[in-house]
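Working notes, structure below.
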Amino acid sequence: NAGVTQTPKFQVLKTGQSMTLQCAQDMNHEYMSWYRQDPGMGLRLIHYSVGAGITDQGEVPNGYNVSRSTTEDFPLRLLSAAPSQTSVYFCASSSRAQETQYFGPGTRLLVL
Amino acid sequence: GIQVEQSPPDLILQEGANSTLRCNFSDSVNNLQWFHQNPWGQLINLFYIPSGTKQNGRLSATTVATERYSLLYISSSQTTDSGVYFCAVEGGGSNYKLTFGKGTLLTVNP
């Protein structure tokens, strides 16, 4: 049971490039979320999903796309990277029946 | 949306000391969780506590929902307790859409 996994651990992009951050969970959780963490800002919700085929926007969705074709995977796509998207990105999952969220180890993204 | 304020922003302790971290929130909540982010960045859930009191070893938490605050107690602190402690809340009855406070940075010196 690996829990929540994220790849890559670290990525450097140039402004305008696109990329996909991968997130997977093996706990059969219905709910998955993406957060970004910036210094002094805590974590802010980007997008979330309550099940396969269902996604919705969080607090800071601009510049990001998501899809949920399977229960296990919830990739986050940066369409055209900007320096303002330099951050640490966390994926999380939880179950309707459980009370807690489980976080992945994070992806550190630097946009030059 | 719900506002979450944590205090103090920074706290420095000697090993063995006790501490209390506070989380105030602006509206009624159905979900309140405390997390510890260790110095390597990993986020670990400590408590799910929308109301009442829970204890886990040296840590305990109390949420007074009617007064819109939660407290995290750390007793006999150890250097491994260092890191950032986050309070996160959700007011809509779900477990997946959390609003985080800015955290309390705890440093425990040997």
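Scanning the range B:1-17 for residues that are under 22 Å from residue B:33 (Cβ atoms) and part of a loop (DSSP other than H, G, I, E, B), which turns out farthest from the other protein chains (Cβ to nearest Cβ)? Reasoning before the result, please.
Pass one, the range B:1-17, residues under 22 Å from residue B:33 (Cβ atoms): B:1-11.
From what's left, part of a loop (DSSP other than H, G, I, E, B): B:1-3, B:8-9.
Details: B:1: 7, B:2: 11, B:3: 12, B:8: 14, B:9: 9 Å.
Only one residue fits best here, namely B:8.
Taking the range A:88-111, which residues are buried (at least 17 other Cβ atoms within 10 Å of the Cβ) and more than 12 Å from chain B (Cβ to nearest Cβ)?
A:109, A:111
Checking the structure you have, find out if any residue of the range B:81-103 is away from chain A (no Cβ under 14 Å), over 26 Å from residue A:36 (Cα atoms), charged (D, E, K, R) and in contact with a strand residue (DSSP E or B) (Cβ under 9 Å, 6 or more places away or on another chain). Steps first, please.
Step one: list which residues in the range B:81-103 are away from chain A (no Cβ under 14 Å), which gives B:81-82.
Now narrow it down to the ones that are over 26 Å from residue A:36 (Cα atoms): none.
No.
Hey, can you tell me all the residues within the range A:61-72 that are within 12 Å of the chain's Cα centre (by Cα) and surrounded by 17 or more Cβ atoms within 10 Å (Cβ to Cβ)?
Correct list: A:64, A:66, A:68.
Residue by residue through the range B:32-61, note down the ones that are closer than 19 Å to residue B:102 by Cα, modelled with pLDDT of 95 or more and away from chain A (no Cβ under 12 Å).
Within the range B:32-61, just B:61 meets the criteria.
So residue B:38 fits all but one of (1) surrounded by 14 or more Cβ atoms within 10 Å (Cβ to Cβ); (2) more than 15 Å from residue A:101 (Cα to Cα); (3) touching a residue at least 24 places away in the same chain (Cβ under 8 Å); what number is the exception?
Unmet condition: (1).
Let me spell it out: the conditions are (1) modelled with pLDDT of 95 or more; (2) assigned to a loop (DSSP other than H, G, I, E, B), and residue A:100 meets all of them except one. Which number is the exception?
That leaves (1) as the condition not met.
The values are calculated or read from the model by the stated rules, or taken from the named source; none is laboratory data. The structure presented is a predicted model; accordingly, all values stated were derived computationally and were not measured. Heads up, the Cβs are rebuilt from the backbone with ideal geometry, glycines too, and the neighbour counts pull from every protein chain shown.
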